[in-house]
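Down below is the structure, laid out as C-alpha cells.
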Amino acid sequence: MAQYAIQTPPVVAVPIAGTDALFPVRRVYCIGRNYAAHAIEMGHDPDRDPPFFFQKNPNNLDTSGQFPYPPHTSDVHHEVEVAVMLKSGGENIPLESALDHVYGYALSLDMTRRDLQGEMKKMGRPWEIGKAFERSAPVGPVHPVSDIGHLENGSITLKVNGELRQEGDLNQMIWKVPEMISYLSEYFELAPGDVILSGTPSGVGPVVKGDVMEIAADGLGSMTVTVT
Ligand code: MN
C-alpha cells in the first residue's frame, strides 16, 4: 500500500456536548447577508440582494476559546452565527428532507478582517484574505439534534466586555436552514462533516486585544472567546 510522502494533516474535529465523541469537519460554508438588518447595515438592499455563500477552511475552526488578533488588519469584526453540522449529504436535496441531514448545531463566530474584505470587494476580488484566515471561526461544542431538536427560533446574541452588541432571533434568517442545505446541494455535493455558518444578525463591529466576546443562542448555551 502506498505511504503518504509527508506528515498527514490532522482531522479537524469539534467536541460534541455531553459525550467524549468528536464531530469531524470536512468543509465550511458560510452564508452572507442572511439577516435583513445586517444586510442594511452593510449597505445592501435585503430584498434585491439575495444571500450568497463563501467558504472558510476546515482548520480555521477553533475550539480554544481564544482568538489571536490576526496580522495585516486594524479592523477585525465579530459576527456571531449558528453553525449547522451535517451528518449526511448529497446533491439536489429536497427542501422537505433537508433537516434530516443535520447532526447538530453549535455557536460560532465568523471573525472578519473587515478592512481587507472591503478592499477585495472594491476590486472585485475573492474574500478569502478577509474571511478564511487562521483561527477565524471560533466554535463551541456541537449540540446534537437528538438532544435539542432543530433551531427555528430563539435569541442569538453577542456581548463584548458585558455590553450587548449583536441581538437577533433565528426566525429572522432570510434563508432558513433547510433552504440553505437544499440550495447548497444544487451547487456542491454535501457530505458528512460539512458545516454551514448561517449568517449574522446586525450589530457587527470591531474588537481589540483583551476584549472578551460572550456569544449565546437559545438551545446552545453560551461561550466566551477572548481576543489575545
Ligand atoms: Mn458571516
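For the range 67-79, indicate whether the set of residues that are over 24 Å from LEU164 (Cβ atoms), over 15 Å from the mean Cα position of the chain (by Cα) and free of Cβ contacts under 8 Å to residues at least 12 places away in the same chain is non-empty. Yes, there is a match, as at least one residue in the range 67-79 is over 24 Å from LEU164 (Cβ atoms), over 15 Å from the mean Cα position of the chain (by Cα) and free of Cβ contacts under 8 Å to residues at least 12 places away in the same chain. Looking at the structure I just gave you, is ASP49 free of Cβ contacts under 8 Å to residues at least 60 places away in the same chain and within 16 Å of the ligand (Cβ to nearest atom)? The answer is yes for ASP49. Note on the range 146-174: residues that are farther than 19 Å from VAL225 by Cα and crowded, with 18+ Cβ neighbours inside 10 Å total 5.
Can VAL12 be described as of a type in the set (A, V, I, L, M) and either in contact with a Ser or Thr (Cβ under 9 Å, 6 or more places away or on another chain) or away from the ligand (no atom under 16 Å from the Cβ) (or both)? Here the answer is yes, as VAL12 does meet what is asked.
Look at the range 101-116: where a residue is touching a residue at least 12 places away in the same chain (Cβ under 8 Å) and a partner is of a type in the set (Lys, Arg) and in a strand (DSSP E or B), sitting 6+ places away or on another chain with Cβ atoms under 8 Å, you get ASP110/LYS56. In the range 119-216, counting only helices (runs of 4 or more DSSP H) that sit wholly within it, the ones holding 2 or more residues that are within 14 Å of GLU81 (Cβ to Cβ) and within 17 Å of the chain's Cα centre (by Cα) span 177-187.
The residue of the range 92-130 that is nearest to the ligand (Cβ to nearest atom), among those that are closer than 24 Å to PRO24 by Cβ and charged (D, E, K, R), is ASP110.
None of the figures in this text is laboratory data; all of them are computed from the coordinates on show. Bear in mind the structure is a predicted one, so any value in this text is a computation, not a measurement. Virtual Cβ from ideal backbone geometry, glycine too; neighbours counted across all protein chains shown.
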